[in-house]
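Notes follow once the structure below has been shown.
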Amino acid sequence: MIPERSIFTIGHSTHAFEAFAALLARHGVTAVADVRSHPYSRLAHFHRPALEARLPAAGVQYVFLGRELGARRDEPECYVDGQADYRRIAALPAFAAGLERLERGARTHRIALMCAEKEPLDCHRTILVSRQLALRGWNVRHILADGSLETQADCDRRLLRLTGVARTLFDAGLDDARLIERAYDVRAAQIGYRVPAV
């Protein structure tokens, strides 16, 4: 059973539209929040206009939240040495407004945040958005490509292994939350959007 205050995430990856819609249906998702900054894909059925047209026919509402919750920001203050800084993005009023909109929507819909990447740990939907939702008390569940669910806590454990962040002799007193926070910072630096050199 899915706990209350739950929000899902999903990566559209290279799914056919029908397979993607089936994953949403399997988990009872009634609304998709597209958090891609640029809602287009090399697969035309994942372009914003196509999703706006096709998801409602599958019983799923579509909302674009890439301006609020996307990782490729227009605000220059979100970049450090040409790379998006997730802590700065999370501090933006627009980002907070996006989270609040999700929270309002989740009162009446079963929402899945959607981005492109198949692997949750390769995507800002997890490293930026889901992290902030979890800190606000939401139960985040990641819909994986095979249809199984991964909790945010399980994702956090994988993140620690992936980043190699571990407690050392010098920070033995560091609590788990601080260790996980460090792992999120490491992964954000690895995957954060970089402005192309001109």
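The values are calculated or read from the model by the stated rules, or taken from the named source; none is laboratory data. As the structure is a prediction and not an experimental result, all values here were calculated from the model. FYI the Cβ positions are ideal-geometry reconstructions off the backbone, even for glycines, and counts take in every protein chain you see.
Odds and ends about this structure:
- A Cβ distance below 6 Å, combined with a sequence gap of six or more or placement on separate chains, defines the contacts here; from segment 176-198, residues that are hydrophobic (A, V, I, L, M, F, W, C) reach residues that are modelled with pLDDT of 95 or more and part of a loop (DSSP other than H, G, I, E, B) in the pairs 195/82.
- Unmet criterion (only one of (1) touching a strand residue (DSSP E or B) at 6+ places or on another chain (Cβ under 7 Å); (2) closer than 23 Å to residue 6 by Cα) for residue 68: (1)
- Total residues in segment 64-82 satisfying the condition of being surrounded by 15 or more Cβ atoms within 10 Å (Cβ to Cβ) and part of a strand (DSSP E or B): the figure is 2.
- Selection within segment 87-125 - more than 12 Å from the chain's Cα centre (by Cα) and closer than 17 Å to residue 186 by Cβ: 87, 88, 89, 90
- Criterion applied to 50, 33 was being in a helix (DSSP H, G or I) and within 17 Å of residue 17 (Cα to Cα), and the one residue passing it is 50.
- Residue that is on the phi > 0 side of the Ramachandran plot and among the small types (Gly, Ala, Ser), where the choices are 11, 98, 28, 70: 28
- Enumeration of residues in segment 13-44 that are under 14 Å from residue 62 (Cα atoms) and touching a residue at least 40 places away in the same chain (Cβ under 8 Å): 24, 29, 30, 31, 32, 33, 34, 35, 36
- Verdict on residue 192 being over 18 Å from residue 142 (Cα atoms), of a type in the set (Gly, Ala, Ser) and at pLDDT 95 or above: yes
- All conditions but one from (1) modelled with pLDDT of 95 or more; (2) surrounded by fewer than 19 Cβ atoms within 10 Å (Cβ to Cβ); (3) closer than 28 Å to residue 92 by Cβ apply to residue 53; the one that does not is (3).
- Of the strands (runs of 3 or more DSSP E) lying entirely inside segment 86-198, those carrying at least 1 residues that are among the polar types (S, T, N, Q) are 139-143, 149-151.
- Scanning segment 1-49 for residues that are among the aromatic types (Phe, Trp, Tyr) and over 17 Å from residue 108 (Cβ atoms) turns up 17, 20, 40, 46.
- Scanning segment 83-98 turns up no residue that is within 20 Å of residue 51 (Cβ to Cβ), of a type outside the set (Gly, Ala, Ser), in contact (Cβ under 8 Å) with a residue 40 or more places away in the chain and touching a Leu at 6+ places or on another chain (Cβ under 7 Å).
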